[in-house]
Amino acid sequence: MEAPPVAVMPVTGGSIHMMEYLLQGSVLDQALESLLHRLRGLCDNMEPESFVDHEMVFLLKGQQGSPFILRARHSLDRPAAPWHLRYLGQPEVGDKSRHALVRNCVDVSASHSLHDFLLEMGFRMDHEFVAKGHIFRKGALKVVVFKLFRILLPGNTENTEPLSLSNLVELSVLAPAGQDTVSDDMRNFAEQLKPLVHLDKIDPKRLM
Amino acid sequence: MSGGPAVQISIESACEKQVQEVALDGTETYVQPLSMSQNLAKLAQRIDFGQGSGSEDEGGEGEARGQEWGKQEQEEDEATVKFQPSLWPWDSVRNNLRSALTEMCVLYDVLSVVKEKKYMTLDPVSQDSTVGKTPPVLQLLGKKKSLATAAQLLLKGAEKLNKSVAENQENRRQRDFNSELLRLRSQWKLRKVSDKILGDLSYRSAGRSLFPHQGTFEVIKNTDIDLDKKIPEDYCPLDVQIPSDLEGSAYIKVSIQKQAPDIGDLGTINLFRRQLKPKSGTQPWHLKLEAAQNVLLCKEIFAQLSREAVQIKSQIPHIVVKNQIISQPFPGLQLSISLCHSTGDKKNQKSTPDKNKPDDHLYVLEHNLHQLMREFHKQTLSSVVMPHPASAPFGNKRMRLAGPMAYDKAEITSLQQSEGLLEKIIKQAKHIFLRSRTARTIDSLASRIEDPQIQAHWSNINDVYESSVKVLITSQGYEQICKSIQLQLTIGVEQIRVVHRDGRVITLSHQEQELQDFLLSQMSQHQVHAVQQLAKVMGWHVLSFSNHVGLGSVESIGNASAITVASSNGEYSVSVRNGPESGCKVMVQFPRNQCKDLLKSDVIQDNKWNYLRGPHKEVHWSKMEGRNFVYKMELLMAALTPCP
């Protein structure tokens, strides 16, 4: 039965508004090793961690045209870790000189029954994928280099095939609203990766 | 001859003698010709006497000789090539004549040429006209010029070599800008922004910094150098320019002061105060940068402390005034933390004389505070775990579980960071203060009271918030016998816990008086215990013993204790009552027959009842001989013990 239409209220994560500052780029498989070496040198001195995550994107069709999107993600190599639910708002149309993509972000940890809960709430799963890669950090900056895998049979995370021959590189910072120095720091960091990978703000709307 | 130039003709006789040797200076030595006798000897050697047939036929000899001669000639003619010299005795004569003839002919020719000049003339050999013509002055000038050219070339080469050697030396001494920059880069973080070189001296790379200071400095080339003057020893081609608010030097001063007259000031310690003694190898920029970083560190710590001081709720609120934080850990005690920042070279700054009191408590506090500051920066870096799944934000792993596992408030507060920096400092200050006051109490008691001696053994290894001391109360000379009072004191942050040897655990507050009273009461109990032990040794019997006697005047401190011991044959008994305030009272009980002032009555029928113990008599204890109570008691007991 079709879920009744809901009115979508502005999403807030309590009293704190967290914004996600994002820069993205991509690198081919051949250049992956050198990029990892570079990141290992630039980022905080910890053992590089690899991860395998399974993400599902849920949609809720509202009265208005644009559906409400929630992303549920859980780790495949650490099954005991809690699930993570994320809402990402529209990118802020600020001044053009800001170097990173800024959007509202709400992060919630959830238990393992999240999938069923969302289905019961009326969400419909739009697509899912598996991401395998490495995660680095430098202070508050998070750098994730991963490869997307397409799931061939729905629900079966063993059977996957890579989506392309390249890896996605994402540089993100979670900060409260209003701190613009963050984007400068991100740009400086991105400069240091320059010949290997070009990190830019990519507006998802323009890609559609 | 008359018209032409004069020609010199040299005549030399033909060389008859062979040249034996030509010396180095050109003189020739000739082989001396053979004299007559030598010649004869040489010829005689050639004659082969063996071959001669004999003296048979003289005529035949003559013919034979002639034939021999002819044969020989033929043979020689045939073999002229082989063996020339013994050919013919006149050969040499002929040769000499021939050569003489040649010479004569030549002479004749030359003379005819000179005389007649018909077909040939004598023409001198053409020579350089300048050889004889040029005067020696010009020759000298010419030589001088060529020498000068050669010398100039050599000088030019030498000059170039000199210059390069001097340049090398200059470079080594002067250390040009690039090598200095390299050295700077090996120790500090630098980056190039457009045409300036900026550096970073903040602590951002050590972890999340709480102080929003950029901490950038600029590297500039020091070009104001006068090349003509001598370059000073400490010249450096590189200079750094630090932000204006980080100039000078800073340190944090922590001081604990009294407000009540019972204890003295615990004193002041200065944290992060560096005396910058420049070592011989350090460069001025290094010292400058280090000083600026120190200033930044002190500012950062102070900012954190003042933030906490405002946020923490405590019984007595902390006061934050400009650059000083004042708080009261105990009533009557004031802890003040202040940031002292001196810019430039202000000479009038009242430099507190560094008379560090030789008080070990403060050194411990200083060390602890240093460790605290460093640990604070360390903790923001290492204890973070990466989030799984990767899109989750950074943070404590357990806090992320709080939602799904439905933690309640108590659990969440237990997970969070417990204490801030200021709280830790206050706790440490409290502990240091309590410890020093305890030590002072024990020491003052020990110096005031001689009779039971009080000994304190402090443990070497202590915690930041806990120390312990073992207190023994003994009598001098009787340590082995009377060791029943042993106290283990554990000094915490706000309380002192005492564990007695008999197992009692007592908690004392931070009041000094409580400890003193307790120790005094223990000392009085010790005396009575000592009597008990002494009685065992002396063979006396303990008739009664009470630690807390309910009779007699009420003591203000603790309770009085009492003991009664009887001699081994039962004749005498000694009763002792000792109180912390009332002192000791000793009574001796004599047998009845020794008391003079007893009423004779008819009740006693038998004489044997006279040997029972009778009335008590008090002992003038202060007049007794003996240096301490137990000694006196021993003497008394010995006096009352009958000799066998």
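Do we have B:LYS483 as without any contact (Cβ under 8 Å) to a residue 12 or more places away in the chain, under 20 Å from B:ILE454 (Cβ atoms) and not aromatic (Phe, Trp, Tyr) here? Spelling it out, B:LYS483 is indeed without any contact (Cβ under 8 Å) to a residue 12 or more places away in the chain, under 20 Å from B:ILE454 (Cβ atoms) and not aromatic (Phe, Trp, Tyr).
When the residues of segment B:552-606 are filtered to those that are closer than 20 Å to B:GLY539 by Cβ and open to solvent by 50 Å² or more (accessible area, probe 1.4 Å), the one that is nearest to the chain's Cα centre (by Cα) is B:SER568.
Return the residue satisfying two criteria in turn: it lies in segment A:106-124 and is away from every other protein chain (no Cβ under 14 Å) and open to solvent by less than 50 Å² (accessible area, probe 1.4 Å), and of such residues it is farthest from B:SER202 (Cα to Cα). Applying the filter and picking the extreme gives A:GLY122. Looking only at residues in segment B:436-464 that are of a type in the set (Ser, Thr, Tyr) and surrounded by fewer than 17 Cβ atoms within 10 Å (Cβ to Cβ), the one that is nearest to the chain's Cα centre (by Cα) is B:SER459. Among the criteria (1) away from chain B (no Cβ under 14 Å); (2) loosely packed, with under 12 Cβ neighbours inside 10 Å; (3) free of Cβ contacts under 8 Å to residues at least 40 places away in the same chain, the one A:LEU165 does not fulfil is (3). Is it true that some residue in segment B:34-44 is open to solvent by less than 100 Å² (accessible area, probe 1.4 Å), farther than 30 Å from B:GLN8 by Cα and modelled with pLDDT under 75? No: segment B:34-44 contains no residue that is open to solvent by less than 100 Å² (accessible area, probe 1.4 Å), farther than 30 Å from B:GLN8 by Cα and modelled with pLDDT under 75.
Residue selection: B:ILE473 fails the criterion of being among the aliphatic types (A, V, I, L, M), open to solvent by 20 Å² or more (accessible area, probe 1.4 Å) and at pLDDT 80 or above. Looking only at segment B:607-635, which residues are part of a loop (DSSP other than H, G, I, E, B) and open to solvent by less than 80 Å² (accessible area, probe 1.4 Å)? Correct list: B:VAL619, B:MET624, B:GLY626, B:ASN628. Checked against (1) open to solvent by 50 Å² or more (accessible area, probe 1.4 Å); (2) in a loop (DSSP other than H, G, I, E, B); (3) under 26 Å from B:SER484 (Cβ atoms); (4) in contact (Cβ under 8 Å) with a residue 24 or more places away in the chain, B:PRO642 meets all criteria but (3). Given the criteria surrounded by fewer than 16 Cβ atoms within 10 Å (Cβ to Cβ) and in a strand (DSSP E or B), does A:HIS127 qualify? Yes: the conditions hold for A:HIS127. Of the residues in segment B:400-410, at least one is modelled with pLDDT of 80 or more, assigned to a helix (DSSP H, G or I), open to solvent by less than 80 Å² (accessible area, probe 1.4 Å) and away from chain A (no Cβ under 14 Å).
Could you give me the residue pairs with C-beta distances under 9 Å whose first residue belongs to segment B:507-527 and is part of a helix (DSSP H, G or I), whose second residue is among the acidic types (Asp, Glu) wherever it lies, and which are 6+ apart or on separate chains? Close Cβ pairs (under 9 Å, with a partner that is among the acidic types (Asp, Glu)) amount to B:GLU512/B:ASP262; B:LEU520/B:GLU581; B:SER521/B:GLU555; B:MET523/B:ASP451; B:SER524/B:GLU555; B:SER524/B:GLU581; B:GLN527/B:ASP451.
The values are calculated or read from the model by the stated rules, or taken from the named source; none is laboratory data. What you see is a predicted model; the values in this text were computed from it and never measured. Note that each Cβ is placed from the backbone with ideal geometry, even for glycine, and that neighbours are counted across all protein chains shown. Quick note on the areas: whole protein, heavy atoms, side chains included, nothing else; ligands and nucleic acids left out. Shrake-Rupley method; radii C 1.70, N 1.55, O 1.52, S 1.80 Å.
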